[in-house]
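The values are calculated or read from the model by the stated rules, or taken from the named source; none is laboratory data. These numbers come from a predicted model, not from an experiment. Cβ atoms come from the backbone with ideal geometry, glycine included; neighbour counts cover every protein chain shown.
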There are 2 protein chains.
Amino acid sequence: MTNPKPSALAFVPFVSVDNMMKLVNRIGVEAVLLELADYIEADFKRWPEFDKTPRVASHSDEGVIELMPTADADNYGFKYVNGHPKNMKEGFQTVTAFGVLSSVSNGYPILLTEMTILTALRTAATSALVAKYLAPKGATTMAMIGNGAQCEFQAMAFKAICGVDTVRLYDIDPAATIKAVKNLSDVGLTVIACTSGEQAIEGAGIITTCTADKLCATILTDNMVGAGVHINAIGGDCPGKTELHRDILTRADIFVEYPPQTRIEGEIQQLDDDHPVTELWQVMLGQAAGRTDARQITLFDSVGFAIEDFSALRFISDKIKEHPFFEPLDMLADPDDPRDLFGMVARRK
Amino acid sequence: MTNPKPSALAFVPFVSVDNMMKLVNRIGVEAVLLELADYIEADFKRWPEFDKTPRVASHSDEGVIELMPTADADNYGFKYVNGHPKNMKEGFQTVTAFGVLSSVSNGYPILLTEMTILTALRTAATSALVAKYLAPKGATTMAMIGNGAQCEFQAMAFKAICGVDTVRLYDIDPAATIKAVKNLSDVGLTVIACTSGEQAIEGAGIITTCTADKLCATILTDNMVGAGVHINAIGGDCPGKTELHRDILTRADIFVEYPPQTRIEGEIQQLDDDHPVTELWQVMLGQAAGRTDARQITLFDSVGFAIEDFSALRFISDKIKEHPFFEPLDMLADPDDPRDLFGMVARRK
């Protein structure tokens, strides 16, 4: 005897990597980044409504695996994400991720999606959204140090959201720069390959650092950073991993997502626990000042926070209603009588 | 231009609800419970090797959503599980779950599986495994108060692992008891439907309480519990949710999975924080005493711990190598060049 087909309740919409790529291309990368930034900004502006916790990290010698949950009154979301700097040399992604959005009311998942691509998109959208508040007025040139998997997403986000028209690329591995130049060759940006970090930052009002070494590196030294720039520091995102010289931090006004997490994982792990930082949601709500002076150095000490993933999950959950790039996954047991789980299994012989 | 097919690295084996039912029936429920108990016992006996943390819970008025991660040197596992007592009345499962097993070395998931059924199995296997150490010698009759989704799994586990031959069932809702009697009618157990908790516990050496109300209930009062029984208390598993009268706790020797979690979620939330409890892994290793006296009341204050789910994930990951009841899921982005995530997306047009 076989069961009838599982009911609709048993199925969770699943967005595969292939469907995510189709969805992004159907909408367009820049349109996705612009709309994602809107979702993220809307959620930052209702920051106090969220159940917040620092991510739950499991560290090993080779990397980290993290769970990043958050919830509002209606939805619960979490992301699984790994960070393994050594992966790239072995042919694996440094970062892979997937995520789930659920109903708070009954606890049932309503979306399972790949988030390797989606994380790249939300990280870039967040960076550009933050720069919209902090970058010096009229900055149209961005230096990008580190030309790995995140690089082109950042470039596209700053183009779409901040009006950047020129990117100056540098990576210690020239092959990474060549890859990025190729991918950005026909997107409407002026792309300049540089042979040093110093060269990359020439004339740049925005400096993005995005390297992946799992150690305290000094991608930017103090004398490289002049007045009136915005630094978008992406790569320092776990304990023991930083990119900026400490002296830059003490000269900059520092903006963060969620202080309890950033103090553990961000550039500011190099500073005292009470070093003043400004929370970005307060800037977006007008409750705290962003850039106040053209000569100020602003620093977004980005580590990525669960609410950004929540926004991204909301975005995808909405988008697959218009563009059905998903497949239903038989992930939830749904017996006719909820108490008859055993009978459902026994009858499936 | 379309990409070639994703590489094998992009795919994660997924065990759907339907495949889990097929797998369980192919192996046989009792064989699954016996082997699962072996996996769980093996992991309890290497308890100090695990990275342990209390589960990460997000509570709302209507229920809870939890993430339960743990890891050893080789694998990382986590379970997503909800608990919504009101769900049953609305036609949803009180508890649904899914889980992931990953490689610690590169962070890639190696298994995604439904865990609603698997959690029911591992909870029952754990209960019976613990009773093997704690129940009075020769106890062959078990009272079961609460005849919901977990009931028959418990009965089968105690039959397979502890030699229980008689179960005495009681539920405040007679329909639940009728369902359980029917499901257990031809499994080789003597099944007695009772009309009160008092009647159910007559002559029972083992008492299992497994009710789902999200509040402090008193399923067992002090005068119901005589000397020389083992109580398997399953249902008290979140803050504010207990099943036993406090006076029973002070007369019993209490055994727990992971004290920091049980003190928050278990029956012992009714006691002082320093009330003595014994950790089960120490009993299994012979480092602490289990039952020492025929007249002793032993209590397993079960809340469920991440290591049991880890064992269950290991079990399924091993079993699908012999019984390929899974489908490959395109869940991980895997560009030819790990740094060329953007190019992979752009080329999928």
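Below are the figures for this structure:
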| item | result |
| --- | --- |
| Region B:60-86: number of residues that are part of a loop (DSSP other than H, G, I, E, B), farther than 20 Å from B:Leu112 by Cα and in contact (Cβ under 8 Å) with a residue 60 or more places away in the chain | 1 |
| Region A:83-104, subset of a type outside the set (A, V, I, L, M) and at pLDDT 95 or above, residue farthest from A:Val24 (Cα to Cα) | A:Ser103 |
| Residue, farthest from the other protein chains (Cβ to nearest Cβ), within region A:5-47, restricted to residues that are polar (S, T, N, Q) and not in a helix (DSSP H, G or I) | A:Ser7 |
| Candidates A:Thr211, A:Thr195, filtered to the one that is in a loop (DSSP other than H, G, I, E, B), of a type in the set (Ser, Thr, Tyr) and under 22 Å from the mean Cα position of the chain (by Cα) | A:Thr211 |
| Matching option when the condition is at the interface with another protein chain (Cβ under 9 Å from one of its Cβ atoms) and either under 30 Å from B:Gly240 (Cβ atoms) or surrounded by fewer than 22 Cβ atoms within 10 Å (Cβ to Cβ) (or both), among B:Asn82, B:Asn75 | B:Asn82 |
| Index of the failed condition, B:Lys52 passing every other in (1) in contact with a helix residue (DSSP H, G or I) (Cβ under 8 Å, 6 or more places away or on another chain); (2) more than 25 Å from B:Phe14 (Cα to Cα); (3) modelled with pLDDT of 95 or more | (3) |
| Filtered residue count, region B:172-185, keeping only those that are over 13 Å from A:Phe342 (Cβ atoms) and more than 9 Å from every other protein chain (Cβ to nearest Cβ) | 4 |
| Given (1) in contact with a strand residue (DSSP E or B) (Cβ under 6 Å, 6 or more places away or on another chain); (2) at pLDDT below 95, number of the condition B:Thr298 does not satisfy | (2) |
| Total residues in region B:91-113, condition more than 7 Å from chain A (Cβ to nearest Cβ) and either touching a residue at least 40 places away in the same chain (Cβ under 8 Å) or under 30 Å from B:Ala175 (Cβ atoms) (or both) | 9 |
| Residue within region A:172-184 that is within 29 Å of A:Arg291 (Cα to Cα) and without any contact (Cβ under 8 Å) to a residue 60 or more places away in the chain present | no |
| Candidate set: region B:56-72, residues that are more than 7 Å from chain A (Cβ to nearest Cβ) and of a type outside the set (A, V, I, L, M, F, W, C); chosen: the one farthest from A:Ala73 (Cα to Cα) | B:Asp72 |
| Some residue of region A:292-302 being out of contact with any helix residue (DSSP H, G or I) (no Cβ under 9 Å at 6 or more places or on another chain), in the same structural domain as A:Ser16 (by TED's automatic domain parsing) and either on the phi < 0 side of the Ramachandran plot or crowded, with 24+ Cβ neighbours inside 10 Å (or both) | no |
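Condition check ((1) in contact with an Asp or Glu (Cβ under 6 Å, 6 or more places away or on another chain); (2) surrounded by fewer than 22 Cβ atoms within 10 Å (Cβ to Cβ); (3) farther than 30 Å from B:Phe11 by Cβ) across all residues:
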residue: B:Leu101; (1), (2), (3): no, no, no
residue: B:Asn106; (1), (2), (3): no, yes, no
residue: B:Leu121; (1), (2), (3): no, no, no
residue: B:Ala135; (1), (2), (3): no, no, yes
residue: B:Met144; (1), (2), (3): no, no, yes
